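Have a look at the structure below, then the notes.
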Amino acid sequence: MPKKKDDNNKLIAENRKARFSYAISDTLEAGLVLTGSEVKSLRGGKSTIAESYANAKGGELWLINSYIPEYTEASRFNHEPKRDRKLLVHKREAGKLAAAIQREGMTLVPLKLYFNQKGRAKLLLGVAKGKKVHDKRETEKQRDWQRDKARLMRNRG
């Protein structure tokens, strides 16, 4: 039975370069600890996760260098736009990911930031290994060939 696309998830930000720059082996959904002004700002949809990454500190996972702009109506109760944000994952998963980061040279790359069906902010993390330049070229060649093949098939029949 094919899995249908879930239209209830409202996409806030997407890291489109991640799949090009990294070989992603596994994905994981994590919650975020946010303040009220951050949630209001996220609903505006102006945040970016392109330069951010996740790191393990003290047995917990943290999202580092993500940008959520200040909410203008929050006045003095506003948040820091580039602060470190705690990720909510099970303790066993956090330990496993921390070990993979330190031992195998992997990194945790945020792929998507979205609201789920319940209206909670979620982050899709990818366990990834950086690609070399020749791997990136190979990926680009494969993508170009797939595009040309589709064009040829469309013109033929």
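Per the conditions (1) in a strand (DSSP E or B); (2) at pLDDT 85 or above; (3) among the small types (G, A, S), the sole criterion not satisfied by A23 is (2).
Screening V127, V89 for residues that are of a type in the set (V, I, T) and either farther than 20 Å from F20 by Cβ or modelled with pLDDT of 90 or more (or both) leaves exactly one candidate, V89. Look at segment 71-97: where a residue is under 20 Å from A54 (Cα atoms) and a partner is acidic (D, E) and not in a loop (DSSP other than H, G, I, E, B), sitting 6+ places away or on another chain with Cβ atoms under 6 Å, you get H79/E38.
Among all residues of segment 127-150, there is at least one that is surrounded by 18 or more Cβ atoms within 10 Å (Cβ to Cβ) and either under 19 Å from L11 (Cα atoms) or of a type outside the set (S, T, N, Q) (or both). Please go through segment 35-65 and pick out each residue that is assigned to a strand (DSSP E or B) and of a type in the set (K, R). Hit for segment 35-65 is K57, nothing else. Restricting to segment 87-135, count the residues that are touching a Gly at 6+ places or on another chain (Cβ under 9 Å) and part of a strand (DSSP E or B). Total meeting the criteria: 12.
State yes or no: is N116 more than 29 Å from E140 (Cβ to Cβ) and in contact with a Lys or Arg (Cβ under 7 Å, 6 or more places away or on another chain)? Answer is yes for this residue. Within segment 66-84, can one find any residue that is over 18 Å from F20 (Cα atoms), in a helix (DSSP H, G or I) and at pLDDT 85 or above? No, segment 66-84 contains no residue that is over 18 Å from F20 (Cα atoms), in a helix (DSSP H, G or I) and at pLDDT 85 or above. Answer yes or no as to whether G58 is free of Cβ contacts under 8 Å to residues at least 24 places away in the same chain and either within 28 Å of Q102 (Cα to Cα) or among the charged types (D, E, K, R) (or both). Criteria met by G58.
With respect to the stated conditions, A94 fails to be over 29 Å from S37 (Cβ atoms), among the small types (G, A, S) and either modelled with pLDDT of 85 or more or within 20 Å of the chain's Cα centre (by Cα) (or both). For segment 77-99, the criterion of being surrounded by 13 or more Cβ atoms within 10 Å (Cβ to Cβ) and either on the phi > 0 side of the Ramachandran plot or in contact with a helix residue (DSSP H, G or I) (Cβ under 7 Å, 6 or more places away or on another chain) (or both) is met by at least one residue.
The values are calculated or read from the model by the stated rules, or taken from the named source; none is laboratory data. Everything quoted here is computed from the prediction, not taken from an experiment. In this analysis, Cβ positions are derived from the backbone assuming ideal geometry, glycine residues included, and neighbour counts consider all displayed protein chains.
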